[in-house]
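Enquirer: Have a look at this one before I ask anything.
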Amino acid sequence: MSGAPQLELPLQRERARTIFQKGAPGRRAFVCPPLDVPPVDADELLPARFRRARPPLLPEVSEPEIVRHYVGISKRNFDLDSGFYPLGSCTMKHNPRLHERVAAFPGHARLHPLQDQERAQGALELMWNLQGALAEISGLAHVSLQPSAGSHGELAGVLLTRAYHEDRGEIRHKVLTPDTAHGTNPATVTMAGLEVVKLATNRDGGVDLEDLRAKVDRDVACLMLTNPNTLGLFDPNIEEIASIVHGVGATLYYDGANLNAIMGLSRPGDMGFDIVHFNLHKSFTQPHGGGGPGSGPIATSARIAPFLPRPLVVRAEDGSFALGHERDGAGSKSIGRLRGFHGNYGCFVRAYAYICSLGADGLRDASEAAVLNANYLLARLREKGVAEYLPLAYGELCMHEFVLSGGPMKRALQIKTLDLAKRLLDFGFHPPTVYFPLLVEEALMVEPTETETKETLDAFAEAIAKILTEAAEDPQIALGAPYTTPVRRLDEVAAAKRPIIRERLEEPTPSGTLTGEGLG
Amino acid sequence: MLAAIGVGSIQEIFDRQIPQAVRLRHALALPEGLGEQEVYAHLRELAERNTSAEDELSFLGAGMYDHYVPAVIDMLTERSEFLTPYTPYQPEISQGGLQVMFEYQTAISELTGLPVSNASVYEGPSAVAAAGYLAKLHNGASRFVVSAGLHPHSIETLRTLAHGYEMEVEQVPLRDGVTDIEAWTRAIGPDTSAAIFAQPNFYGAVEDAAALSAAAKSSSAVVNGSRGTPVVIAQVDPITLGILKPPGACGVDVAVGEGQPLGNRLDFGGPSFGFFAAREEYLRRMPGRIAGETVDVDGRRGFVLTLQTREQHIRREKATSNICTSQALNALAGVVYLTWLGRRGIVELGELLLARTHYARERLAALAGVEALHEQPVIREFPLRLDADVAAVKRRCAGVGINPGVDVHALTGRPEDRGVLLVAITERRSRADIDRLADALEVAVAAEREAVAA
């Protein structure tokens with residue numbers, strides 16, 4: 001077992017017990033404030049037929065137990081602050097801690113969304129400034145901050161497209177998405193009541209123009225594109241694509257997942273896109289939180305702007321800010337609201353702090369460094385000993401990420417991309433995105449981001465080389481990996497076959513739980 | 001690094017890939033970057049121009065509430081291990097996050113009395129729309145029937161999304177503060193995909209959830225047996241579920257709601273989380289992430305994302321939803337909060353809110369020019385009708401550091417909501433606070449009536 005450290009980590013290897021399996025009857029953390037109003041017959045306040053018969057079986061634990069439990073299980077997570085996280089398409093860049101500090105100011109964190117607008121001017125100004133910055137970065141003037149995530153922004157975009165065509169008296173059914181697209185694109189199209197038409201990818205990794213020409217017609221509402229795409233390639237034909245799509249009166253939608261490659265260098269609006277969504281949790285450092293929260297604002301051209309969701313942040317002549325229904329024609333034929341209140345303001349604070357910190361030059365530098373890092377790591381992985389097993393799927397250079405194919409590795413070394421990924425865990429790295437995009441055999445999608453050092457990139461490249469060397473000697477090592485993690489490979493098939501998705505709890509004994517008081 | 005890549009400059013990397021015509025020729029028109037101290041000062045200055053729940057005695061609610069967030073939540077949500085990972089795609093190194101999801105699902109299932117919960121969705125109103133989409137996938141019928149007691153943002157969000165998947169939304173009015181059950185029963189027919197109400201409703205009233213569910217189930221079964229009955233969806237306030245009969249015990253099929261009251265900040269409206277729980281038959285149509293229990297190759301207990309064949313990254317255009325992530329960090333706050341409250345605490349808190357809210361309604365409705373809009377049971381919120389302009393009364397109260405509640409007409413735009421003030425009472429508002437509100441409201445309403453008379 002060369003190179004496979006057999007560390008037993010007693011803390012992490014403890015059998016998992018949930019908080020529901022801990023504690024004892026009567027233990028608690030919360031102390032209820034005293035009843036300071038005159039007591040009234042409970043039944044009078046809430047008739048018995050509306051009352052709960054037995055309390056929900058929540059845990060009974062003290063604060064120290066809560067802290068031990070959750071700190072304990074937190075140690076069973078790998079995280080960005082602990083190590084390299086080159087997860088393609090996810091932009092795992094450093095999350096500056098200043099952002100957590102400023103987002104926690106009571107003036108932001110304890111501000112009620114229905115506070116009178118004249119007493120929420122700081123928040124509205126922040127939103128105004130942020131939407132201005134996003135408009136400038138995208139080259140599209142009209143912004144709505146409302147969508148809650150990238151997928152939500154996409155849904156907004158497709159609904160906007162639909163409303164735009166309907167307003168012109170046209171019913172269009174089809175939305176084109178390349179076969180390299182994120183899964184959210186086709187899923188969104190279906191949710192918006194439209195139909196997906198798949199576009200082929202050409203030999204260079206871009207949109208196949210022949211296929212595009214063959215498929216565009218007056219029934220096409222929109223083309224959804226990521227540029228650079230999920231292969232990490234900037235489509236050199238973008239102007240022609242835009243002109244073909246606009247030629248039949250359709251709109252061009254920009255999936256902003258890969259914006260980190262082009263900030264201050266190229267703008268979707270200048271490429272001919274009509275609608276773009278941003279992922280504030282990718283390019284703009286909102287921490288991913290283990291899978292949310294995110295934020296997915298959208299920006300549009302003037303012809304789409306009338307349909308933007310409501311409400312919008314507006315500025316009055318006296319310079320004050322408000323939430324309104326219309327702004328320079330935007331919102332006049334709104335598709336309506338997409339969620340409660342005004343969007344994920346906490347994410348706006350962090351994204352805005354990031355933009356303030358970097359400024360125009362800093363954003364451009366960030367994208368340049370992201371692209372430099374990706375190309376450097378790619379170069380290291382094209383060295384002998386790696387490239388013959390993990391060739392670059394398309395192109396020569398890349399933008400902020402690149403996709404390798406594990407096909408030759410699988411054939412030559414009998415280990416799959418999944419095995420490589422699992423073995424990387426033992427080396428202390430989060431693996432790249434695997435098996436996406438779908439058109440690359442055994443895909444490995446690597447996005448290092450700008451906040452990693454050369455030393456980290458080198459160490460990662462060396463780890464990959466070492467795993468391949470090791471596999472040439474003994475593929476069983478990778479096939480059995482990981483060895484050092486809190487658990488080893490998990491049986492996902494069994495989990496899906498007979499789903500256990502909650503802890504099974506025993507019915508409480510009458511003496512073990514509430515003894516009447518408060519239950520009515 | 002450039003030598004390894006084989007280029008002379010960073011610019012060359014871009015020049016070789018991005019056509020000149022779409023290169024940006026000028027610097028972005030954004031201010032210059034600032035140092036950490038300057039950004040801190042700027043963000044602080046913006047925060048200070050907001051009047052938060054820390055700065056005034058606030059009775060604002062209508063969807064988000066100023067409940068106390070225990071310190072242990074800040075401490076845990078700020079931990080790198082929870083704050084900075086991505087979605088748990090590699091379960092071997094994501095057991096912490098996956099176990100949190102599993103515990104969260106257990107807590108939500110317990111709270112709602114429904115067997116299956118996902119790992120959370122964006123927030124309350126979009127959860128209602130997502131539940132509507134589930135109903136559409138389930139039975140293919142064409143119309144949603146919604147109670148006017150549903151939060152206006154939920155109704156609007158449902159309408160926006162329903163337009164996409166081509167469904168109609170029909171609204172049923174309230175009577176005496178609760179859903180008019182006769183109109184409700186009449187509105188539900190064979191083409192009804194889902195019947196949706198809120199518990200308690202937007203106007204604070206406790207609905208007869210069991211009666212609404214039963215009416216929905218009975219009214220269409222006869223007509224279109226092959227399709228079955230409409231899906232009954234309730235948007236429920238989780239903080240009331242310590243004392244209120246859970247949706248699962250009231251015949252509700254899908255319970256969704258806004259998770260903010262459970263340990264999440266106000267944050268000017270987000271981020272928070274939406275919860276989504278259902279009967280078992282809907283499991284394979286649920287949107288979003290679901291964590292499941294399994295074992296590893298050594299037989300050790302572990303957790304994974306499961307039933308992923310519902311999801312967009314596998315099913316693409318055939319997915320049950322386009323949603324990618326849950327609101328993991330906010331859901332963590334939610335489950336830690338419920339653990340902190342505990343089995344007894346959630347009941348005690350509910351009883352306290354019930355008693356104080358009752359006291360507040362009695363006290364305020366006794367004032368001159370103020371009356372209760374309805375007499376239904378209320379738990380944490382209630383509406384008053386003022387014989388004065390609500391915005392003007394609010395301005396007067398603000399002068400003495402009190403925010404008396406939400407101007408309902410400004411939110412709903414419904415003509416019948418003119419003059420209606422919605423007052424929310426959390427455990428942070430004591431009897432003394434309520435008495436202070438009563439004094440201020442009395443003075444403000446009297447002054448406003450005088451000003452108008454003069």
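Enquirer: Which residues, taken from segment B:403-420, are out of contact with any Lys or Arg (no Cβ under 8 Å at 6 or more places or on another chain) and assigned to a strand (DSSP E or B)?
Expert: Hit for segment B:403-420 is B:Val406, nothing else.
Enquirer: Please find, within segment B:231-256, the residue that is surrounded by the most Cβ atoms within 10 Å (Cβ to Cβ) out of those that are among the small types (Gly, Ala, Ser) and under 17 Å from B:Val146 (Cα atoms). Don't jump to the end; show me each part of the working.
Expert: Residues of segment B:231-256 among the small types (Gly, Ala, Ser): B:234, B:242, B:248-249, B:251, B:255.
In the following step, the residues that additionally are under 17 Å from B:Val146 (Cα atoms) were identified as B:234, B:251, B:255.
On the way: B:Ala234: 29, B:Gly251: 17, B:Ala255: 32.
The extreme case among them is B:Ala255.
Conditions (1) aromatic (Phe, Trp, Tyr); (2) more than 7 Å from chain A (Cβ to nearest Cβ), marked per residue:
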site	(1), (2)
B:Gly33	no, no
B:Glu45	no, yes
B:Ala53	no, no
B:Leu60	no, no
B:Tyr68	yes, yes
B:Leu76	no, no
B:Gln95	no, no
B:Gln99	no, no
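Enquirer: Could you say which residue among B:Arg284, B:Arg279, B:Arg310 is in contact with an Asp or Glu (Cβ under 6 Å, 6 or more places away or on another chain) and under 18 Å from B:Gly132 (Cα atoms)? If you could, list the steps in order and put the result at the bottom.
Expert: Numbers: B:Arg284 fails: in contact with an Asp or Glu (Cβ under 6 Å, 6 or more places away or on another chain); B:Arg310 fails: in contact with an Asp or Glu (Cβ under 6 Å, 6 or more places away or on another chain).
So the residue among B:Arg284, B:Arg279, B:Arg310 that is in contact with an Asp or Glu (Cβ under 6 Å, 6 or more places away or on another chain) and under 18 Å from B:Gly132 (Cα atoms) is B:Arg279.
Enquirer: Going residue by residue through segment B:121-133, is there one that turns out to be crowded, with 24+ Cβ neighbours inside 10 Å, more than 7 Å from chain A (Cβ to nearest Cβ), in contact (Cβ under 8 Å) with a residue 40 or more places away in the chain and in a loop (DSSP other than H, G, I, E, B)?
Expert: Among the residues of segment B:121-133, not one is crowded, with 24+ Cβ neighbours inside 10 Å, more than 7 Å from chain A (Cβ to nearest Cβ), in contact (Cβ under 8 Å) with a residue 40 or more places away in the chain and in a loop (DSSP other than H, G, I, E, B), which makes the answer no.
Enquirer: Evaluate the following for B:Val400: is it in a loop (DSSP other than H, G, I, E, B) and more than 23 Å from A:Val37 (Cα to Cα)?
Expert: Working: in a loop (DSSP other than H, G, I, E, B): yes; more than 23 Å from A:Val37 (Cα to Cα): yes.
Here the answer is yes, as B:Val400 does meet what is asked.
Enquirer: Hey, can you tell me all the residues within segment B:150-191 that are among the charged types (D, E, K, R), crowded, with 17+ Cβ neighbours inside 10 Å and either in contact (Cβ under 8 Å) with a residue 60 or more places away in the chain or under 20 Å from B:Asn322 (Cα atoms) (or both)?
Expert: If the condition is that a residue be among the charged types (D, E, K, R), crowded, with 17+ Cβ neighbours inside 10 Å and either in contact (Cβ under 8 Å) with a residue 60 or more places away in the chain or under 20 Å from B:Asn322 (Cα atoms) (or both), then B:Glu156, B:Arg159 are the ones that fit.
Enquirer: Tell me which strands (runs of 3 or more DSSP E) are completely within segment A:179-258 and hold 2 or more residues being among the hydrophobic types (A, V, I, L, M, F, W, C), or say none if there are none.
Expert: Working: elements: A:195-199, A:220-225, A:251-255.
The strands (runs of 3 or more DSSP E) meeting that bar are A:195-199, A:220-225.
Enquirer: Check off (1) within 7 Å of chain B (Cβ to nearest Cβ); (2) part of a loop (DSSP other than H, G, I, E, B) for A:Phe84 and give me the number that stays unchecked.
Expert: Every listed condition holds for A:Phe84 apart from (1).
Enquirer: Related question: When you go through (1) more than 27 Å from B:Arg175 (Cβ to Cβ); (2) surrounded by fewer than 18 Cβ atoms within 10 Å (Cβ to Cβ); (3) aliphatic (A, V, I, L, M) one by one for B:Ala366, which number turns out not to apply?
Expert: (1)
Enquirer: Here is a further query. Out of segment A:459-486, which residues are among the hydroxyl-bearing types (Ser, Thr, Tyr) and away from chain B (no Cβ under 14 Å)?
Expert: So the first thing to find is which residues in segment A:459-486 are among the hydroxyl-bearing types (Ser, Thr, Tyr), and the list is A:469, A:483-485.
If the condition is that a residue be among the hydroxyl-bearing types (Ser, Thr, Tyr) and away from chain B (no Cβ under 14 Å), then A:Thr469 is the only one that fits.
Enquirer: Moving on to the next point. Quick one: A:Gly291 ticks every box in (1) surrounded by fewer than 19 Cβ atoms within 10 Å (Cβ to Cβ); (2) at positive phi except a single one, so which number is it?
Expert: For A:Gly291, the failing item is (1).
Enquirer: Quick check on segment B:285-320: of everything there that is part of a loop (DSSP other than H, G, I, E, B) and at the interface with chain A (Cβ under 7 Å from one of its Cβ atoms), which residue is nearest to A:Gly296 (Cα to Cα)?
Expert: We begin by selecting, within segment B:285-320, every residue part of a loop (DSSP other than H, G, I, E, B); these are B:286-290, B:297-300, B:306-307, B:311, B:319-320.
Filter once more, so that each one left must be at the interface with chain A (Cβ under 7 Å from one of its Cβ atoms): B:289-290, B:297-298, B:300, B:306-307, B:319.
Details: B:Arg289: 18, B:Ile290: 22, B:Val297: 39, B:Asp298: 41, B:Arg300: 38, B:Thr306: 25, B:Leu307: 26, B:Ala319: 20 Å.
Checking each candidate, the answer is B:Arg289.
Enquirer: Of the residues that make up segment A:119-133, is at least one out of contact with any helix residue (DSSP H, G or I) (no Cβ under 6 Å at 6 or more places or on another chain), at the interface with another protein chain (Cβ under 7 Å from one of its Cβ atoms), of a type in the set (S, T, N, Q) and surrounded by fewer than 24 Cβ atoms within 10 Å (Cβ to Cβ)?
Expert: yes
Enquirer: Still on this structure, I have one more. Among (1) in a helix (DSSP H, G or I); (2) within 22 Å of the chain's Cα centre (by Cα), there is one condition B:Glu182 misses while meeting the rest; what is its number?
Expert: Checking B:Glu182 against (1) in a helix (DSSP H, G or I); (2) within 22 Å of the chain's Cα centre (by Cα), the one that fails is (2).
Enquirer: Kindly check whether there is at least one residue in segment A:99-113 that is touching a Phe, Trp or Tyr at 6+ places or on another chain (Cβ under 7 Å), within 7 Å of chain B (Cβ to nearest Cβ) and within 25 Å of B:Gly345 (Cβ to Cβ).
Expert: Among the residues of segment A:99-113, not one is touching a Phe, Trp or Tyr at 6+ places or on another chain (Cβ under 7 Å), within 7 Å of chain B (Cβ to nearest Cβ) and within 25 Å of B:Gly345 (Cβ to Cβ), which makes the answer no.
Enquirer: Moving to a separate point now. Of all residues in segment A:43-81 being of a type in the set (Asp, Glu) and facing chain B (nearest Cβ under 7 Å), which is nearest to B:Thr106 (Cα to Cα)? Full working, then the answer.
Expert: First, the residues of segment A:43-81 that are of a type in the set (Asp, Glu): A:43-44, A:60, A:63, A:65, A:79, A:81.
Okay, now just the ones that are also facing chain B (nearest Cβ under 7 Å), so A:60, A:63, A:79, A:81.
On the way: A:Glu60: 14, A:Glu63: 20, A:Asp79: 25, A:Asp81: 29 Å.
Among residues in segment A:43-81 that are of a type in the set (Asp, Glu) and facing chain B (nearest Cβ under 7 Å), the one nearest to B:Thr106 (Cα to Cα) is A:Glu60.
Residue by residue, here is whether (1) over 19 Å from B:Gln95 (Cβ atoms); (2) aliphatic (A, V, I, L, M); (3) modelled with pLDDT of 95 or more; (4) crowded, with 18+ Cβ neighbours inside 10 Å holds:
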position	(1), (2), (3), (4)
A:Lys422	no, no, yes, yes
A:Pro437	yes, no, no, yes
A:Met445	yes, yes, yes, yes
A:Pro448	yes, no, yes, yes
A:Thr456	yes, no, yes, no
A:Ala459	yes, yes, yes, no
A:Ile464	yes, yes, yes, yes
A:Glu470	yes, no, yes, yes
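Enquirer: Looking at A:Arg267, A:Arg303, which is the one that is farther than 23 Å from A:Arg110 by Cβ, touching a Gly at 6+ places or on another chain (Cβ under 6 Å) and among the charged types (D, E, K, R)?
Expert: Working: A:Arg303 fails: touching a Gly at 6+ places or on another chain (Cβ under 6 Å).
Exactly one residue qualifies, and that residue is A:Arg267.
Enquirer: Now for a different question. Could you check, for segment B:225-232, whether at least one of its residues is touching a Gly at 6+ places or on another chain (Cβ under 8 Å), at pLDDT 95 or above and away from chain A (no Cβ under 13 Å)?
Expert: Let us first name the residues in segment B:225-232 that are touching a Gly at 6+ places or on another chain (Cβ under 8 Å), namely B:227, B:232.
With at pLDDT 95 or above added as a condition, the list becomes B:232.
Subset that is away from chain A (no Cβ under 13 Å): B:232.
Yes, segment B:225-232 has at least one match.
Enquirer: Collect the residues in segment A:425-475 that are assigned to a helix (DSSP H, G or I), in contact (Cβ under 8 Å) with a residue 60 or more places away in the chain and not aliphatic (A, V, I, L, M), keeping them in residue-number order.
Expert: Correct list: A:Asp426, A:Lys454, A:Thr456, A:Asp458, A:Phe460, A:Lys466, A:Thr469, A:Glu470, A:Glu473, A:Pro475.
Enquirer: Is it the case that segment B:369-376 has a residue that's over 19 Å from B:Asp66 (Cβ atoms), at the interface with chain A (Cβ under 7 Å from one of its Cβ atoms) and part of a loop (DSSP other than H, G, I, E, B)? Give the steps one after another, and end with the answer.
Expert: Of all residues in segment B:369-376, those over 19 Å from B:Asp66 (Cβ atoms) come to B:369-376.
Pick out the ones that are also at the interface with chain A (Cβ under 7 Å from one of its Cβ atoms) and you get none.
Scanning segment B:369-376, I find no residue that is over 19 Å from B:Asp66 (Cβ atoms), at the interface with chain A (Cβ under 7 Å from one of its Cβ atoms) and part of a loop (DSSP other than H, G, I, E, B), so the answer is no.
Enquirer: Sticking with this structure for a sec: Would you check which residues across segment A:282-334 are under 28 Å from B:Leu332 (Cα atoms) and outside any loop (DSSP other than H, G, I, E, B) and list them? I'd like the intermediate steps shown before the answer.
Expert: Of the residues in segment A:282-334, the ones under 28 Å from B:Leu332 (Cα atoms) are A:282-298.
Once the filter is applied, which keeps residues that are under 28 Å from B:Leu332 (Cα atoms) and outside any loop (DSSP other than H, G, I, E, B), segment A:282-334 yields only A:Ile298.
Enquirer: While we're on this one: So which residues in segment A:310-348 are of a type outside the set (Lys, Arg), facing another protein chain (nearest Cβ under 7 Å) and surrounded by 22 or more Cβ atoms within 10 Å (Cβ to Cβ), if there are any at all? Write out each step before concluding.
Expert: Initially, segment A:310-348 is screened for residues of a type outside the set (Lys, Arg), giving A:311-314, A:316-326, A:328-332, A:334-336, A:338, A:340-348.
Now narrow it down to the ones that are facing another protein chain (nearest Cβ under 7 Å): A:335-336, A:338, A:340-347.
Answer for segment A:310-348, where residues must be of a type outside the set (Lys, Arg), facing another protein chain (nearest Cβ under 7 Å) and surrounded by 22 or more Cβ atoms within 10 Å (Cβ to Cβ): A:Ile335, A:Leu338, A:Gly340, A:Phe341, A:His342, A:Gly343, A:Asn344, A:Tyr345, A:Gly346, A:Cys347.
Residue by residue, here is whether (1) more than 7 Å from chain B (Cβ to nearest Cβ); (2) assigned to a helix (DSSP H, G or I) holds:
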| position | (1), (2) |
| --- | --- |
| A:Asp361 | no, yes |
| A:Leu377 | yes, yes |
| A:Gly385 | yes, no |
| A:Cys398 | yes, no |
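Enquirer: Applying the selection to segment B:1-34, what residues are touching a helix residue (DSSP H, G or I) at 6+ places or on another chain (Cβ under 8 Å), part of a loop (DSSP other than H, G, I, E, B) and either within 22 Å of A:Gly132 (Cβ to Cβ) or among the aromatic types (Phe, Trp, Tyr) (or both)? Quick ask: steps written out before the conclusion?
Expert: Within segment B:1-34, the subset touching a helix residue (DSSP H, G or I) at 6+ places or on another chain (Cβ under 8 Å) is B:1-2, B:4-10, B:13-14, B:19, B:21-24, B:27-34.
From what is left, the residues that are part of a loop (DSSP other than H, G, I, E, B) are B:1, B:6-9, B:19, B:24, B:27-31, B:33-34.
Scanning segment B:1-34 gives B:Leu24, B:Ala27, B:Leu28, B:Ala29, B:Leu30, B:Pro31, B:Gly33, B:Leu34.
Enquirer: While we're here: When you check A:Val102 against the structure, is it touching a Leu at 6+ places or on another chain (Cβ under 8 Å), more than 29 Å from B:Arg300 (Cα to Cα), assigned to a helix (DSSP H, G or I) and aliphatic (A, V, I, L, M), yes or no?
Expert: Numbers: touching a Leu at 6+ places or on another chain (Cβ under 8 Å): yes; more than 29 Å from B:Arg300 (Cα to Cα): yes; assigned to a helix (DSSP H, G or I): yes; aliphatic (A, V, I, L, M): yes.
Spelling it out, A:Val102 is indeed touching a Leu at 6+ places or on another chain (Cβ under 8 Å), more than 29 Å from B:Arg300 (Cα to Cα), assigned to a helix (DSSP H, G or I) and aliphatic (A, V, I, L, M).
The values are calculated or read from the model by the stated rules, or taken from the named source; none is laboratory data. All of these numbers come straight from a predicted model, not from anything done at the bench. When we count neighbours, we look across all protein chains shown, and the Cβ atoms used for this are built from the backbone with ideal geometry, even at glycine.
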